[in-house]
Structures are given as C-alpha cells and as structure tokens.
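> After the structure tokens below, expect a handful of questions from me.
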Amino acid sequence: MNDYTVKTEGVCAKAIKFSLEDGKLHHIQFLGGCPGNTTAIGKLLEGTDAQRAVDLLKGNKCGPKPTSCADQLARGIEQALHAAGDGSAV
C-alpha cells in the first residue's frame, strides 16, 4: 500500500491524505474543510477504483471557486496514479 499526501490549493482543506493499493483508494482523510462533506467523501470512496473516483470528482466546483475539495482529491489521485506508473512520488 502506498500512502500519499497532497497539498491543496484554493480550498478550505489544507491537505488530503490517502492510500492506494491495487488501484483502489483507502484511508482518505482531509485536513481541514467541511467535516461533514469531507468525511462523507472518504467513506463513500473507501475501496473505490481510483480512476473511477477521478472520473466522478474531477471538475467539481465549490460555489464560485474554480475547484473544490473533491476536485483537489481527484487531482491528487491522478498524480498518484501517474507516479505509480513511473515510480516517482506525489
């Protein structure tokens, strides 16, 4: 299992931690943000295929902001998937 921490930009959450194992998401934790929403996202995505999560969440916005915590998670997962392919880290 590989663990990742993504520093967010433009949202209330300061960072997002998650793990990837065999292409599945685990242990998603937002540091900051709206606790009800971010906890729900983590619970709903536990064990989900990482690419499916990217497809579902990428581009979601928070009000007038050009991004959201969900979008930032999707971007982080994309980076992790890319890193897993070439051995580098997020």
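> Length gain on complete extension for the stretch Asn60 to Lys17, per 0.36 nm per residue less the alpha carbon to alpha carbon distance?
Extending this stretch completely gives an extra 13.6 nm.
> Can you tell me the orientation of helix 69-86 relative to the chain, as the angle in degrees between its alpha-carbon axis and the longest Cα principal axis, to the nearest 10?
Approximately 20 degrees, to the nearest 10.
> Follow-up question, since we're still on this one. Of the listed values (i) 16.4; (ii) 17.2; (iii) 12.8, identify the label whose number matches Kirkwood radius over Cα pairs in Å calculated from this model.
Comparing each candidate, only (iii) matches the computed number.
> Still on this structure: Please give every one of the aspartates and glutamates within straight-line cross-link reach of Lys58, meaning a C-alpha to C-alpha distance under 18 Å, and leave out same-chain neighbours fewer than 8 residues apart.
Glu9, Glu46, Asp49, Asp71, Glu78
> Also: Cα axis of helix 35-45 to longest principal axis of the chain: angle in degrees, 0 to 90, nearest 10?
Value to nearest ten degrees: 30.
> Which of the lysines could be linked to Lys43 by a straight reach, that is with a Cα gap under 16 Å, when you skip same-chain ones fewer than 8 residues away?
Lys17, Lys24
> Mind putting a number on the dipole of the chain about its Cα centre? Charges go on the C-beta only, +1 for Lys and Arg and -1 for Asp and Glu, and I need it in Debye to the nearest 20.
Rounded to the nearest 20 debye, it is 400 debye.
> Nearest 500 deg cm²/dmol is fine: what mean residue ellipticity at 222 nm does the chain get from its DSSP H runs of n ≥ 4 alone, each adding -39,500 (n - 2.57), divided by its residue count? List each step's numbers first, then the result.
Values: 3 runs with 37 residues, N = 90.
Taken over the chain, the calculation gives -13000 deg cm²/dmol.
> If ligands, DNA and RNA are left out, what is the accessible area of Cys62 with a 1.4 Å probe, given in Å² to the nearest 10?
Near enough 70 Å² of accessible area.
The values are calculated or read from the model by the stated rules, or taken from the named source; none is laboratory data. Not measured: the values here are computed from a predicted model. Counting neighbours? That spans all protein chains shown, and the Cβs are built from the backbone with ideal geometry, glycine included. Each accessible area value is taken on the protein alone, full model and side chains, heavy atoms only, with ligands, DNA and RNA left out. Shrake-Rupley method; radii C 1.70, N 1.55, O 1.52, S 1.80 Å.
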